[in-house]
Amino acid sequence: GNYGPEVVIYLLCLKLKYPNLIYLLRGNHESRDMAESFNFRQQVLNLYDEAVYEEYMESFDVLPVAAYINGMYLGVHGGISHRLTNLETINEIDRYQEPPDDSLLADLLWADPASGSEAQRLVFRENKSRGISEVFGRKPLKKLLKKENLRALVRAHQMKQDGYKFHLWDGPEAFPPCITIFSAPSYSN
């Protein structure tokens, strides 16, 4: 959106001021392709120059792609895929690069949960709406959560008008195994 470079600087300043309270994760927009597509590169060039733009990109490359939260939650921007067999696999990713399309790094940034009845029967399928990564269902997510003794996957990546969505795949009374948080509900307006 507008003021992208200023927003990034503000977030980095918050991280410096409150290092134990602010945690930044890399999302799918923190790549050169997306920076170009969504005008971030041009905004930086309007304010600064190519060297400063490259510094922004290098700072995005070093951001972590996942967080282990309070020993109970896995936080990522996108989701899981067939490549994520355990949490240690995340530590093996070379994140200091542009995300290769067919990789676990891309999946953590781009994957989406299935919706409706598809979530119950789906394992994984191609994410045709995004043109990259996969859509995951209840069964593989629950298997990963159980294996890693986690309660839920907490993610962003999809606009939710209410700002969040509890994926109630186990019924309305059960704690949701997947929670989408999107802090800009008027994003598409």
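The values are calculated or read from the model by the stated rules, or taken from the named source; none is laboratory data. Treat the numbers as computed from the prediction; the structure is a model and nothing was measured. Counting neighbours? That spans all protein chains shown, and the Cβs are built from the backbone with ideal geometry, glycine included. Remember, those area values only see protein heavy atoms, side chains included, never the ligands or the DNA or RNA. Shrake-Rupley method; radii C 1.70, N 1.55, O 1.52, S 1.80 Å.
Of note:
- Sorting the segments 162-168, 152-158, 37-43 by their residues' average number of neighbouring beta-carbon atoms within 10 angstrom, most packed first, yields 152-158, 37-43, 162-168.
- The residue list L63, V44, L153 was ranked by how far each Cα lies along the charge dipole of the chain toward its positive end, using unit charges on Cβ atoms, and L153 comes out on top.
- Protein heavy-atom accessible surface, 1.4 Å probe, per residue over the chain: 58 Å².
- Between 0 and 90 degrees, the angle of helix 4-17 with respect to the longest Cα principal axis of the chain falls at about 80 degrees.
- Computed [θ] at 222 nm, deg cm²/dmol, the chain (DSSP H ≥ 4; -39,500 (n - 2.57); rounded to nearest 500): -9500 deg cm²/dmol
- Relative contact order [Cα under 8 Å, 6+ residues apart], the range 66-166, whole percent: 33 percent
- The angle separating the long axis of helix 138-147 from the principal Cα axis of greatest extent in the chain is about 90 degrees.
- Dipole check for the chain: with +1 at the C-beta of Lys and Arg, -1 at the C-beta of Asp and Glu, and the Cα centre as origin, the magnitude is about 1080 Debye.
- Normalised by the number of residues in the chain, the average gap of Cα pairs under 8 Å and 6 or more apart makes the relative contact order 17 percent.
- The accessible surface of the range 1-159, taken with every protein chain in place and a 1.4 Å probe, is 52 percent carbon and sulfur.
- Part-to-part distance (alpha-carbon centres) for the range 128-189 and the range 58-110, which is given in Å: 15 Å
- Here the Karplus curve 6.51 cos²θ - 1.76 cosθ + 1.60, taken at θ = phi - 60°, turns the phi angles of the range 82-94 into couplings of 5, 7, 8, 8, 7, 5, 4, 4, 5, 5, 8, 6, 7 Hz, with x standing for Gly and Pro.
- Which label in (i) -0.83; (ii) -0.90; (iii) -1.05 gives the computed log10 I(q)/I(0) by the Debye sum over Cα atoms at q = 0.14 Å⁻¹: (i)
- Cross-link reach list, lysines versus K160, counting only Cα pairs under 21 Å and skipping chain neighbours closer than eight places: K128
- When each of the peptides 68-80, 93-105 is scored by the mean number of other C-beta atoms lying within 10 Å of its residues, the order from highest to lowest reads 68-80, 93-105.
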